[in-house]
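One structure is given below, encoded as structure tokens.
The values are calculated or read from the model by the stated rules, or taken from the named source; none is laboratory data. Remember, predicted model here, so these are calculated numbers, not experimental data. Here the Cβ is made from the backbone with ideal geometry for all residues, glycine too, and neighbour counts use every protein chain on show. Just the protein is used for accessible areas: all its heavy atoms, side chains included, with ligands, DNA and RNA removed. Shrake-Rupley method; radii C 1.70, N 1.55, O 1.52, S 1.80 Å.
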Amino acid sequence: VTGPGGALLVEDRVDVTLEGSDLAGNRGLIGSALFCDGTAGAEPTVFIDGTTLRDGVAGVGTVAIEPGCGVTMRNSTISGNTAFSASAVRALGSLTLAQTTIVQPASGGQAGVVGAANVTAIGSILATECDSANVVSTGANVESPGDTCGLGESDDRVGVPAKLEALADLADIQAAIN
């Protein structure tokens, strides 16, 4: 793949909502699951809810957010992706995480979350490393295993085991229900 946005490329003045999806195995030069580009003054916004972004491969980030773009992720998971740089998120634009889990090892000598100063988190699990900037915490977050995201609210839990299990395959769950 030679271009950005393996699954979703947002670069015009649009509002995009993605709900209840499983973005798996995508490939992109920048952003295997999502590339949001607001650099041309377009100021797009993306809302992701109840979605898993997994098993993608990118040069830079599973989610890559350029300046001028705003992304909100709620009740979602980023897990099992591979990138040369910023394995989970590169946030040069704005990213809000609400009840979202990032399970992502550092990659290519860079943290799982690069551009952490542009990230706001509430009630989320950050099982990854952040770059030197602090995530803006509004509380009830967990950072595991270390203390690189700079969470500072009294109800944040830092350096504790997240006790996460592998993601279940949705097809297996649906088969068990039926």
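State yes or no: is I48 of a type in the set (A, V, I, L, M), closer than 22 Å to A133 by Cα and either assigned to a strand (DSSP E or B) or open to solvent by less than 10 Å² (accessible area, probe 1.4 Å) (or both)?
Spelling it out, it is not the case that I48 is of a type in the set (A, V, I, L, M), closer than 22 Å to A133 by Cα and either assigned to a strand (DSSP E or B) or open to solvent by less than 10 Å² (accessible area, probe 1.4 Å) (or both).
Could you list, in sequence order, the residues of the range 80-96 that are open to solvent by 20 Å² or more (accessible area, probe 1.4 Å), in a strand (DSSP E or B) and under 16 Å from N26 (Cβ atoms)?
Correct list: T82, F84, R90.
Of the numbered conditions (1) open to solvent by less than 50 Å² (accessible area, probe 1.4 Å); (2) over 15 Å from A24 (Cβ atoms); (3) in contact with a helix residue (DSSP H, G or I) (Cβ under 9 Å, 6 or more places away or on another chain), T100 fails exactly one; give the number of that condition.
It fails just one condition, (3).
Applying the selection to the range 61-73, what residues are buried (at least 24 other Cβ atoms within 10 Å of the Cβ) and in a strand (DSSP E or B)?
Once the filter is applied, which keeps residues that are buried (at least 24 other Cβ atoms within 10 Å of the Cβ) and in a strand (DSSP E or B), the range 61-73 yields V63, A64, I65, V71, M73.
Among the residues of the range 143-162 satisfying the criterion of being out of contact with any Leu (no Cβ under 7 Å at 6 or more places or on another chain) and among the acidic types (D, E), which is surrounded by the most Cβ atoms within 10 Å (Cβ to Cβ)?
D156
Among residues belonging to the range 9-44 that are among the hydrophobic types (A, V, I, L, M, F, W, C) and in a loop (DSSP other than H, G, I, E, B), point out the one that is most open to solvent (accessible area, probe 1.4 Å).
The residue in question is A40.
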